[in-house]
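Down below is the structure, laid out as structure tokens.
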Amino acid sequence: MKKGKAIFTILLVFVLGFLTGSIGVILTRQNGVEKFLVHHMAQSPVTKEPISIELMEKIEDLKEAVRLKPNNLAAWLRLGNIYFDYGRYREAIKAYHNYLSLKPDDPDIRTNMGIMLRGLGDDDGAIEEFRKATLSDPKHANSRFQLGLVLLQNKKDVQEAILAWKAYLKVELKGERANWVRNELKRLETTNP
């Protein structure tokens, strides 16, 4: 009887391990978009750590620089990028807004602004910024990629996301992100004919 219990226990452990692994694969696939983006593709604030005293001093210096010279592009950009990196959405948006009021056709900063707006839940504002970025530079891959993300993940507009990512693949043909988008498009087109 002991041999029977041992075999039963081994089989039970095997079956439970198999089921746990299968559930993990299913959940990973369902969250595959999010996991891939978090680790590889989505441009997002890189740290949630508190801002150091030295960096706070740098921020104060930059604020003083733009107070004295409001058209100081470099200071607005540095300020926006610091806030972006630390996930300080509102402050980044304000700095990027001031930068873009002086240099409206910068697709990289428009895209950063869109990412910050998306972070605040302003999906329509983010979409507008990503589209402005693509208008100012039709070959700007990141704005096209980010547009597809917000359309799919936030707006749940699969058809518009597909169109955005097809346009993205016309400007970025190679690389990990392009391969991921191709696979995601296949999945979307088969599940949403």
For this session: Answer with yes or no whether residue 126 is out of contact with any Pro (no Cβ under 9 Å at 6 or more places or on another chain), among the hydrophobic types (A, V, I, L, M, F, W, C) and buried (at least 22 other Cβ atoms within 10 Å of the Cβ).
Result: yes
Exercise. What's the number of the condition residue 174 fails, among (1) farther than 26 Å from residue 71 by Cβ; (2) over 13 Å from the mean Cα position of the chain (by Cα); (3) part of a helix (DSSP H, G or I)?
Worked result: (3)
Problem set entry | Residue count for the stretch 129-145, restricted to those that are among the hydrophobic types (A, V, I, L, M, F, W, C), without any contact (Cβ under 8 Å) to a residue 40 or more places away in the chain and surrounded by 17 or more Cβ atoms within 10 Å (Cβ to Cβ) | 3
Seminar exercise, completed: Of the conditions (1) within 21 Å of residue 110 (Cα to Cα); (2) in contact with a Phe, Trp or Tyr (Cβ under 9 Å, 6 or more places away or on another chain), the single one that residue 163 does not satisfy is (2)
Problem set entry | All positions within the stretch 129-142 that are touching a Pro at 6+ places or on another chain (Cβ under 6 Å) and part of a helix (DSSP H, G or I) | 133, 136
For this session: Among the residues of the stretch 46-78, count how many are assigned to a loop (DSSP other than H, G, I, E, B), within 19 Å of residue 104 (Cβ to Cβ) and among the hydrophobic types (A, V, I, L, M, F, W, C).
Result: 0
Exercise. Has the stretch 74-85 got at least one residue that is among the basic types (Lys, Arg), modelled with pLDDT under 95, farther than 24 Å from residue 181 by Cβ and surrounded by 15 or more Cβ atoms within 10 Å (Cβ to Cβ)?
Worked result: no
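The values are calculated or read from the model by the stated rules, or taken from the named source; none is laboratory data. None of the values given here were measured: they were computed from a predicted structure. Cβ: placed from backbone, ideal geometry, glycine included. Neighbour counts: every protein chain shown.
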